[in-house]
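K.L.:
Submitted below is the structure of interest, expressed as structure tokens.
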Amino acid sequence: NAGVTQTPKFRVLKTGQSMTLLCAQDMNHEYMYWYRQDPGMGLRLIHYSVGEGTTAKGEVPDGYNVSRLKKQNFLLGLESAAPSQTSVYFCASRARWEVQETQYFGPGTRLLVL
Amino acid sequence: TQLLEQSPQFLSIQEGENLTVYCNSSSVFSSLQWYRQEPGEGPVLLVTVVTGGEVKKLKRLTFQFGDARKDSSLHITAAQPGDTGLYLCAGVLGGTASKLTFGTGTRLQVTL
């Protein structure tokens, strides 16, 4: 049982390049989330999904797109990377009916945009 | 605009000392969570508090939810080096997805 995994762990992009971050969970969770973490700002929600085939915008969605074609996977895309998107990206998942509303986080993807 | 402000931002103390971290907001949350994050890893849930005025204890850690459900505190008794990490509070706004609004974080270092 791997929990939440993220691919890749680290990536360097040039301004204007595109890439996709992959999040996979093996806990059969309905809800999945993408966050970015910047110094002094905690984590900010980018996009989230309440089930396969559904996505919604979070607090900072501009410049990102997401897809949830399979329940276990949640993809985050950067169409044209900008230096402002340099950050650490975390994926999380949650069971719909879990009383404590626990979100389980992956280990993060560190992205540097030059 | 950060909905949840944590204080202090940084805290460096010696083993055995006590400390309190505060999490404040002008918004009301349906519940509030505390996470701890270690370098190179994602946050891990420590506790969820739901009822205004609720107090929960986890070994040497005591969590309190404000009566009005707008603020929370984390108190650590006799801190140990293993308590070192980034502590994040997160308010649950409710709704179908139970989105989290994270605080700004408190970085704690406990030295021998």
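The values are calculated or read from the model by the stated rules, or taken from the named source; none is laboratory data. In this text, all values refer to a predicted model and were calculated from it rather than measured experimentally. All Cβ positions, even for glycine, are placed from backbone atoms using ideal geometry, and neighbour counts span all protein chains on display. Note: areas computed on protein heavy atoms with side chains; ligands, DNA, RNA excluded. Shrake-Rupley method; radii C 1.70, N 1.55, O 1.52, S 1.80 Å.
K.L.:
Scan segment A:25-52 residue by residue and report those that are outside any strand (DSSP E or B), in contact with a strand residue (DSSP E or B) (Cβ under 7 Å, 6 or more places away or on another chain) and either at positive phi or polar (S, T, N, Q) (or both).
P.N.:
To start, the set of residues in segment A:25-52 that are outside any strand (DSSP E or B) comprises A:26-30, A:38-42, A:52.
Now restrict to residues that are in contact with a strand residue (DSSP E or B) (Cβ under 7 Å, 6 or more places away or on another chain): A:27, A:29-30, A:38, A:42.
The one that is outside any strand (DSSP E or B), in contact with a strand residue (DSSP E or B) (Cβ under 7 Å, 6 or more places away or on another chain) and either at positive phi or polar (S, T, N, Q) (or both): A:42.
K.L.:
Right, something else. Which of the residues spanning segment B:58-100 are more than 23 Å from residue A:38 (Cβ to Cβ) and of a type in the set (A, V, I, L, M)?
P.N.:
Selection gives B:58, B:61, B:68, B:76, B:78, B:79.
K.L.:
Just the residues that are touching a Gly at 6+ places or on another chain (Cβ under 8 Å), more than 10 Å from chain A (Cβ to nearest Cβ) and surrounded by 16 or more Cβ atoms within 10 Å (Cβ to Cβ), please, taken from segment B:28-48.
P.N.:
B:29, B:32, B:36
K.L.:
Ok, one more. Assuming residue B:72 fulfils every condition listed in (1) more than 10 Å from chain A (Cβ to nearest Cβ); (2) closer than 24 Å to residue A:105 by Cβ; (3) part of a loop (DSSP other than H, G, I, E, B) apart from one, which condition is it?
P.N.:
The number of the failed condition is (3).
K.L.:
Among the residues of segment A:25-45 satisfying the criterion of being surrounded by 24 or more Cβ atoms within 10 Å (Cβ to Cβ) and of a type in the set (A, V, I, L, M), which is nearest to the other protein chains (Cβ to nearest Cβ)?
P.N.:
A:43
K.L.:
Filter segment A:1-24 down to the residues that are open to solvent by 70 Å² or more (accessible area, probe 1.4 Å) and assigned to a strand (DSSP E or B), then identify the one that is farthest from residue B:40 (Cα to Cα).
P.N.:
So the residue we want is A:20.
K.L.:
Kindly list, by first and then second residue, each pair from a residue in segment B:1-27 that is more than 19 Å from residue B:65 (Cβ to Cβ) and within 14 Å of chain A (Cβ to nearest Cβ) to a residue that is part of a strand (DSSP E or B) and not basic (Lys, Arg), limited to pairs with Cβ atoms under 7 Å and residues at least 6 apart or on different chains.
P.N.:
B:8/B:106; B:9/B:106
K.L.:
Right, another one. Give me the strands (runs of 3 or more DSSP E) completely within segment A:53-113, filtered to those with at least 2 residues that are within 12 Å of chain B (Cβ to nearest Cβ) and open to solvent by 70 Å² or more (accessible area, probe 1.4 Å), ordered by residue number.
P.N.:
Values: elements: A:54-57, A:64-67, A:73-78, A:87-94, A:109-113.
Output list reads A:54-57.
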